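The values are calculated or read from the model by the stated rules, or taken from the named source; none is laboratory data. In this text the structure is predicted, and so the values were computed from the model without any measurement. Cβ placement follows ideal geometry from the backbone for every residue including glycine, while neighbour counts extend to all protein chains displayed.
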Amino acid sequence: MIPVLYSFRRCPYAMRARLALDASGQRCELREVVLKNKPTEMLAVSPKATVPVLVDTDGTVIDESLDIMLWSLRRNDPEGWLTPDVESLNAMLELIRRCDREFKSHLDRYKYPQRFAGADALQSREEGETFLRLLDERIATQRYLSGSRFALTDGAIAPFVRQFANVDLDWFATQPWRGLHEWLQAIVNSERFQRIMRPVQPWVVGSPGVLYPFDPASL
Ligand SMILES: N[C@@H](CCC(=O)N[C@@H](CS)C(=O)NCC(=O)O)C(=O)O
């Protein structure tokens, strides 16, 4: 038996979990979820009904994306995502918290202003820029967010920066964040990112999911 991962390809939280699982080589059965029709199996173990959800072989349920990253990397971390050369784990978690709390809220209001009463897309974009400038300043003096190597922060934050950039790519390209542009391009164009974004058919109850991480040769 292997752990089960309920995932949704385009969800940035699920992307960060898939990135960490790919880096750790932790095998699981991926079940692609349709958000409008979530499987009852998933809702039974995680009533809060968000993806990603990982169900370990002993039945332990991990339904926060960052916890899935930590779980897989604590089992196997061949690239040292948890031990970057500059930053401590606690400092990395603090930056990720800023992403998940402030930046994500600005991103949602920028991307979907109609979903939030009184939201102003351009004001939210401006508010989101504060976090992006902070990231750009970090990358100006080192290649990745927490040092010279790709680390937990890069995997956890890049899917959200990508989403922010994709709202208006032309505008994003004209912003003076050279380091950030290069960082994002390198990650999005990487073989690993291409691999974790491989399309998967929605899971059908009773059938086996897809073996994950995907085989690099199958791309
Ligand atoms: N804090 C959660 C948030 C996960 C989350 O909000 N995922 C979204 C998709 S990107 C979701 O499942 N939303 C429920 C829905 O759309 O029905 C985590 O880090 O895993």
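General observations
- Considering region 44-90, the residues that are free of Cβ contacts under 8 Å to residues at least 12 places away in the same chain and among the acidic types (Asp, Glu) include one that is surrounded by the most Cβ atoms within 10 Å (Cβ to Cβ), namely GLU64.
- Complete set of residues in region 58-91 that are within 12 Å of the ligand (Cβ to nearest atom) and part of a loop (DSSP other than H, G, I, E, B): ASP63, GLU64
- The residue of region 1-43 that is surrounded by the fewest Cβ atoms within 10 Å (Cβ to Cβ), among those that are β-branched (Val, Ile, Thr) and within 12 Å of the ligand (Cβ to nearest atom), is VAL34.
- Residue in region 147-157 that is within 16 Å of the ligand (Cβ to nearest atom), touching a strand residue (DSSP E or B) at 6+ places or on another chain (Cβ under 8 Å) and within 23 Å of PHE193 (Cα to Cα) present: yes
- Selected residue [of a type in the set (Lys, Arg), assigned to a strand (DSSP E or B), at negative phi and modelled with pLDDT of 95 or more] from ARG31, ARG9: ARG31
- A search for C-beta distances below 7 Å between a residue of region 26-41 that is over 14 Å from LEU54 (Cβ atoms) and hydrophobic (A, V, I, L, M, F, W, C) and any residue that is at pLDDT 95 or above and surrounded by 17 or more Cβ atoms within 10 Å (Cβ to Cβ), counting only pairs 6+ apart in sequence or on different chains, returns LEU35/PHE8.
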